[in-house]
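The values are calculated or read from the model by the stated rules, or taken from the named source; none is laboratory data. Here the structure is a predicted model, which is why all the values come from computation and not from measurement. When we count neighbours, we look across all protein chains shown, and the Cβ atoms used for this are built from the backbone with ideal geometry, even at glycine. Quick note on the areas: whole protein, heavy atoms, side chains included, nothing else; ligands and nucleic acids left out. Shrake-Rupley method; radii C 1.70, N 1.55, O 1.52, S 1.80 Å.
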Amino acid sequence: MDQVQSFIDQFGADVINPTFLPSINATRFSADPTGTANFLIKYCKTIGIKESNSQLTENLIRAFVDLICPPHEAGRRVPSKSVESFPLNAILGLFLCGDKHSNSMAQAKRVLQGYIWLSCQHISESVGYHFHSHRAVARKGPQLLLTAAPSLVDLCDKFGWKKNESVLVEATEKLCLYGKTENAIDLVNKIAPTTPSSGGICERSLICSRMASIACQKAVNAAQFTADPTGTANFLIKYRNTIAMKIRDPHLTENIIGAFVDSMCPPDKASRHIPSKNVDSFPLDAILRLFVGDEHKNSGILVKRILEGYVWLSCQRIAESSGYQSYSHRDVTPKGPHLLLMAAHSLVSLCHKFGWKEHEGVLIGSAEKLCMYGNADNALALVEKLAPSTSSSGGTCERSLICSRMASIACGKILGSSQRPTTLAAYKKLVKIIGNYCPSFAPRFIALAEHLDVDSILYPLVTDSIFRSAANDSTKSFLNTLTNCCAQILHSDASIDLGSIVVWVIPTTNRQFSLNNVYSSFLKCPCRKVYDWQVRKSDHRGFLADLGPLIRMGEVKAESYQPRGRGPYHFKITKLKPRRVPVASMGGLSCSCSTSSSSRYPSYRSHQQPTASQNCILKQHRAALSKRRDDEKKIGVVKAFLSPEQQSKLGSRKRPANHSPTNAGRTNPVSVSAAPACAGRIIPFSKNTATACAGPYSLAIRSGVQGQLHSQHAAKKQKTTPEVVNLLDDDDDICIEGVLGPEEAIAKRRKEAEDRSEIVEIS
């Protein structure tokens, strides 16, 4: 254009300008409408701005208008390229520049009509450099009117809204025809007046109202709602919050809302249709908020129908299309009306406005549906959100009664089925609801509480001071009963006899005879009986010499051998004397099971032995001891919430036999393995005669003792518990005078039994 301007300056406009007129022709426009429009815009903004070129500019614009909108319908041609990037806004701007000419309005209108026609044509566009390859461009309607809305409003203000009414209405119809109702409503929103007034603004409002009516009729109907309930609801919300505020047409707004309600909840229940998409993201709260400030006389009925429609929709099994394949579907499992939780605030406002009694059936039905589809916890949460903060008469009384009925439905489902809470917060909510609205369910919950996990649920529930302080009198009474139940369970757990365990421990005085660090940790470890490792044979003599005193005492047995009679030499130490220790006094014992065995010859370590930590005896029973101490601490805390009478009766009630949650996964503290022993050998340092395995005389001794006990102590119902040696007690008077052989030990034990008249000769 700069070169053209230099030619004009050199040869004159009369010589150069006529050559531009043929550049805008039908052939060029049909081949590339967008390129032709850009050429016109560039000329008008550079060369055409000069006064000397004004006549040529008008001629070029007139030629362009005749091409985009021919005077006769038969002169129209479908272009070879789409008009998706057509510079509509810039073209309309050409008619806003300069003075007001009589034909500018008509030309602007023809440009709009021509663009609308072009945007609705089915165009087959060439692809790449191959003329035989084409792609079909989908028809989208006059979408570019959205970006050209400011220029469009200026043109209508300049030349009159009434004269462009037909073009605007046609544009709305075309957008709706090709499924662009959202764009149609956006166009109305952009050109609608921001403030209501009279005169021209009134014509503008009427045109916008007519355009909105066309868009809403296309977007809000039964077929559209069945295809996409959420999209239809979002369209209504968008219209109500934007356009309805500008055009001020209450009759249109009433008709649109009525059409939406009829689609969501038809007057004839038989005409309901299951939608094609689920309603998990349905904007229920936003829909209900539309009626909070609405003063229409039928608003209460419309709200009730919307709630009924949503409850029905949320309970339908929907076969939803999956991906881009229309024949592929997936079933959406119904969840019930769970979105009522998010819309609870609006729901409470509407119930206050139109009456709680009017919505009683819908609210109770919602609780039933939530419980039916496995969301009883959501039903409780809904009751909690709808519940009044304080008790009073009138509407609040009706509100409380409705909440009580809903709570009874939810609590009955939870306590009577498998839909039980899994978290502490959920149980707190359940206790609060029962205490406030359905105290009749308290006995059923207490029966359930006896089977709850004490550590994670019951104990934190009854000892939460903040929760107690915020509870009312009924809930506090309920909590007191639960506290007593928790105390009984803890006391029952703490009363269980943990029994005793068998350990392989060598007394400290005897361990002092060994000075070798290779196996010192093994000698101290109460969990390990055998220590077998690979070591060179030259070290065996030193090991035997070091272990000599313990071997002579009968504490250990040492062995040097070759596995399978060949290969590297191994050295094995075996402890011979097990001791039985009460679990309650094992807190001071320690072991080396968790650490690897130390050796001066790492390359000779045996990898065939099982991991010591896997067979750790202390680890198996330490959890039970820790649990016992925790239970005792918790009993002290729980007692602070009990009355003196309840404390005095603590422990009188037995715990249910089938109670399992608290002890789930716990090793039975009473179950201990018997001390290993071999036939014909007696363990001389065990005070418990039951642990000594007798040889040939065992049958006679046992028979004699049992016969005499039966004759002399027939009135006794239970035999005295055998005495257990506490190896951790330094006051135990255990004196080792020597090691007895098997025959000597049996003879000594027999002599002691005869002296106590506990043996009877069998002839």
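Observations, loosely collected:
- The range 181-195, subset part of a loop (DSSP other than H, G, I, E, B) and in contact with a helix residue (DSSP H, G or I) (Cβ under 7 Å, 6 or more places away or on another chain), residue farthest from Leu168 (Cα to Cα): Thr194
Quick grid of which residues meet (1) closer than 30 Å to His621 by Cα; (2) open to solvent by 40 Å² or more (accessible area, probe 1.4 Å):
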residue	(1), (2)
Ser520	yes, no
Asp539	no, no
Pro549	no, no
Arg552	no, yes
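- Restricting the range 144-166 to residues that are touching a helix residue (DSSP H, G or I) at 6+ places or on another chain (Cβ under 7 Å) and part of a loop (DSSP other than H, G, I, E, B), the residue that is surrounded by the fewest Cβ atoms within 10 Å (Cβ to Cβ) is Thr147.
- Options Ile8, Ile16; residue that is more than 27 Å from Ile116 (Cα to Cα), open to solvent by less than 20 Å² (accessible area, probe 1.4 Å), among the β-branched types (Val, Ile, Thr) and at pLDDT below 70: Ile8
- Within the range 626-647, the set of residues being outside any helix (DSSP H, G or I) and open to solvent by 50 Å² or more (accessible area, probe 1.4 Å) comprises Ala640, Phe641.
- Among the residues of the range 256-286, the one identified as touching a Pro at 6+ places or on another chain (Cβ under 9 Å), closer than 22 Å to Met342 by Cα and either open to solvent by 50 Å² or more (accessible area, probe 1.4 Å) or among the hydroxyl-bearing types (Ser, Thr, Tyr) (or both) is Lys277.
- Of everything in the range 493-518 that is open to solvent by less than 30 Å² (accessible area, probe 1.4 Å) and among the small types (Gly, Ala, Ser), the residue that is modelled with the lowest pLDDT is Ser514.
Here's the yes/no breakdown for (1) in contact with a Pro (Cβ under 7 Å, 6 or more places away or on another chain); (2) more than 23 Å from Leu177 (Cα to Cα); (3) at pLDDT 90 or above:
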| site | (1), (2), (3) |
| --- | --- |
| Pro71 | no, yes, no |
| Phe86 | yes, no, yes |
| Ile91 | no, yes, yes |
| Cys97 | no, yes, no |
| Ser102 | no, yes, no |
| Leu118 | yes, no, yes |
| Val127 | no, yes, no |
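- Yes/no for Asn278 being polar (S, T, N, Q) and not in a helix (DSSP H, G or I): yes
- Yes/no for Val261 being of a type in the set (A, V, I, L, M, F, W, C) and touching a residue at least 60 places away in the same chain (Cβ under 8 Å): no
The rows are residues; the columns are (1) under 54 Å from the mean Cα position of the chain (by Cα); (2) part of a helix (DSSP H, G or I); (3) among the hydrophobic types (A, V, I, L, M, F, W, C).
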{"site": "Leu67", "(1), (2), (3)": "no, yes, yes"}
{"site": "Pro70", "(1), (2), (3)": "no, no, no"}
{"site": "Phe86", "(1), (2), (3)": "yes, no, yes"}
{"site": "Asn89", "(1), (2), (3)": "yes, yes, no"}
{"site": "Leu96", "(1), (2), (3)": "no, no, yes"}
{"site": "Ala108", "(1), (2), (3)": "no, yes, yes"}
{"site": "Leu112", "(1), (2), (3)": "yes, yes, yes"}
{"site": "Trp117", "(1), (2), (3)": "yes, yes, yes"}
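- Contact map, the range 331-342: residues that are open to solvent by less than 90 Å² (accessible area, probe 1.4 Å) paired with residues that are part of a loop (DSSP other than H, G, I, E, B) and among the polar types (S, T, N, Q), Cβ distance under 8 Å, separation 6+ or inter-chain. Pairs shown: Val332/Asn278; Pro334/Gln316; Gly336/Asn375; His338/Asn375.
- Verdict on Val383 being of a type outside the set (Asp, Glu), under 19 Å from Ser474 (Cα atoms) and open to solvent by less than 20 Å² (accessible area, probe 1.4 Å): yes
- Checking each residue in the range 344-364 for being open to solvent by less than 50 Å² (accessible area, probe 1.4 Å) and small (Gly, Ala, Ser) picks out Ala344, Ser346, Ser349, Gly355.
- Close pairs from the range 167-180: first open to solvent by less than 60 Å² (accessible area, probe 1.4 Å), partner of a type in the set (Lys, Arg) and assigned to a helix (DSSP H, G or I), Cβ under 8 Å, at least 6 apart: Val167/Lys109; Val169/Arg210; Cys176/Lys218
- Test: residue in the range 563-570 that is farther than 30 Å from Glu632 by Cβ, touching a Lys or Arg at 6+ places or on another chain (Cβ under 9 Å) and modelled with pLDDT of 85 or more: yes
- Scanning the range 234-255 for residues that are of a type outside the set (S, T, N, Q), in contact (Cβ under 8 Å) with a residue 40 or more places away in the chain and open to solvent by 10 Å² or more (accessible area, probe 1.4 Å) gives Ile237, Lys238, Arg240, Lys246, Ile247, Arg248, Asp249, Leu252, Glu254.
- Scanning the range 438-453 for residues that are assigned to a helix (DSSP H, G or I) and out of contact with any Gly (no Cβ under 9 Å at 6 or more places or on another chain) turns up Pro439, Ser440, Pro443, Phe445, Ile446, Ala447, Leu448, Ala449.
- Of all the residues in the range 460-483, those that are open to solvent by less than 40 Å² (accessible area, probe 1.4 Å) and over 30 Å from Glu398 (Cβ atoms) number 7.
- Condition check for Leu290 on (1) at pLDDT 90 or above; (2) under 28 Å from the mean Cα position of the chain (by Cα): one failure, at (2).
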